[in-house]
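Visitor: There's a structure below that I have some questions on.
The values are calculated or read from the model by the stated rules, or taken from the named source; none is laboratory data. Fair warning: this is a prediction, and the values are worked out from it, not measured in the lab. Backbone-built Cβ (ideal geometry, glycine too); neighbour counts: all protein chains shown. Please note that ligands, DNA and RNA were not included when accessible areas were found on the heavy atoms of the full protein model with its side chains. Shrake-Rupley method; radii C 1.70, N 1.55, O 1.52, S 1.80 Å.
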Amino acid sequence: LDEIRTITESQQAAAMKFVHEGIAGDIKVNEWVRRAAAANSVEESAGGIPMAAPMANRWAHIETKPNAIEWCEDMRLGNYALQTALGEEAQKRLPQERAMVATFISRKPGSLLQVPKEEDKIDGPWNSPRTWDYAAHAWAAFGGSDLDYRHELLASCVGMTQAGMFIKWRNAFDLPDPEDFMPGGDFKGTLVDEKRPDRTYTILSSIVAAVADNWTAKRYESAWKYHAQAAQEGAGDIAAATVSTLMATAKGQRDVPSVAKYAQGFMDFLKKAGWNPQ
């Protein structure tokens with residue numbers, strides 16, 4: 001039951017028998033079916049209505065807050081469904097755009113969710129896990145657009161302040177295409193920028209997102225090879241931070257190659273974190 005704080009007291013009365021006993025009209029659900037509800041606070045709900053005491057007393061109430069670390073990892077792994085229909089080329093760009101957003105949020109976790117307190121701003125664009133993903137979709141859809149238009153698209157989702165911060169951060173990079181790091185790619189040169197460690201982190205995150213979007217044993221091994229290169233160039237701590245997500249892409253896959261030879265350059269970091277690449 002979603003948005004339960006938007007239903008009237010009379011509707012709540014009708015719903016209580018289902019909530020408590022699993023009975024709706026002539027239908028009784030299986031006794032093993034669990035009932036769960038979700039809601040924003042009354043102040044943040046659409047036309048929020050407090051639950052009546054009898055309804056509230058039929059629930060265990062658990063407060064939840066967005067976890068920026070988990071959200072960023074799920075964005076890189078492609079664990080969220082498409083928010084809207086995208087063309088084939090846009091879907092190919094989406095993992096990189098999501099990885100870019102996730103990298104920004106991992107650097108500024110406070111930007112993941114900020115509900116406006118002013119009434120004249122709450123009905124406009126503001127940043128939340130949902131709207132950051134909207135922004136990634138918009139950028140994937142309009143891949144080649146000029147920067148001003150991309151900025152406008154971003155601001156339409158997360159607001160001008162966050163859009164400005166994101167654009168300023170992103171403009172500091174000249175990022176290669178993550179497909180350049182896959183088998184048959186043509187990336188040459190160094191991965192590590194000693195002056196901008198977040199650039200290295202962004203590149204590795206994009207590589208992981210590309211593997212998650214289209215997993216093959218060869219792409220997985222290639223991603224490990226470039227993580228090893230980053231470690232050899234002195235960024236073992238950064239490589240270790242993204243390789244845990246890379247390892248997660250292999251869960252449930254068949255014929256996962258051994259990658260232990262690539263992990264030597266940052267094995268100390270992995271062991272401290274409890275990871276053991278095979």
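Visitor: For the range 165-183: of the residues being outside any helix (DSSP H, G or I) and either within 12 Å of Ala235 (Cβ to Cβ) or modelled with pLDDT of 85 or more (or both), which is most open to solvent (accessible area, probe 1.4 Å)?
Guide: Pro183
Visitor: Would it be correct to say that Lys195 is among the charged types (D, E, K, R), surrounded by fewer than 22 Cβ atoms within 10 Å (Cβ to Cβ) and at pLDDT below 90?
Guide: Spelling it out, Lys195 is indeed among the charged types (D, E, K, R), surrounded by fewer than 22 Cβ atoms within 10 Å (Cβ to Cβ) and at pLDDT below 90.
Visitor: Look at Thr6 and say whether it is within 24 Å of Lys117 (Cβ to Cβ) and open to solvent by 90 Å² or more (accessible area, probe 1.4 Å).
Guide: Here the answer is no, as Thr6 does not meet what is asked.
Visitor: Can you pull out every residue in the range 37-59 that is under 28 Å from the mean Cα position of the chain (by Cα), at pLDDT 90 or above and over 30 Å from Ala99 (Cα atoms)?
Guide: Ala37
Visitor: So if I check each of Glu21, Glu70, which one is touching a strand residue (DSSP E or B) at 6+ places or on another chain (Cβ under 9 Å) and free of Cβ contacts under 8 Å to residues at least 12 places away in the same chain?
Guide: Matching residue, one of Glu21, Glu70: Glu21.
Visitor: I'm told Thr245 meets every condition in (1) open to solvent by less than 60 Å² (accessible area, probe 1.4 Å); (2) out of contact with any Lys or Arg (no Cβ under 6 Å at 6 or more places or on another chain) except one. Can you identify the failing condition by its number?
Guide: It fails just one condition, (2).
Visitor: Okay, moving on. Say we look at the range 24-79 and pick out the residues that are of a type in the set (A, V, I, L, M), outside any loop (DSSP other than H, G, I, E, B) and within 23 Å of Ala13 (Cβ to Cβ); which of these is least open to solvent (accessible area, probe 1.4 Å)?
Guide: Per the criteria, the residue is Met55.
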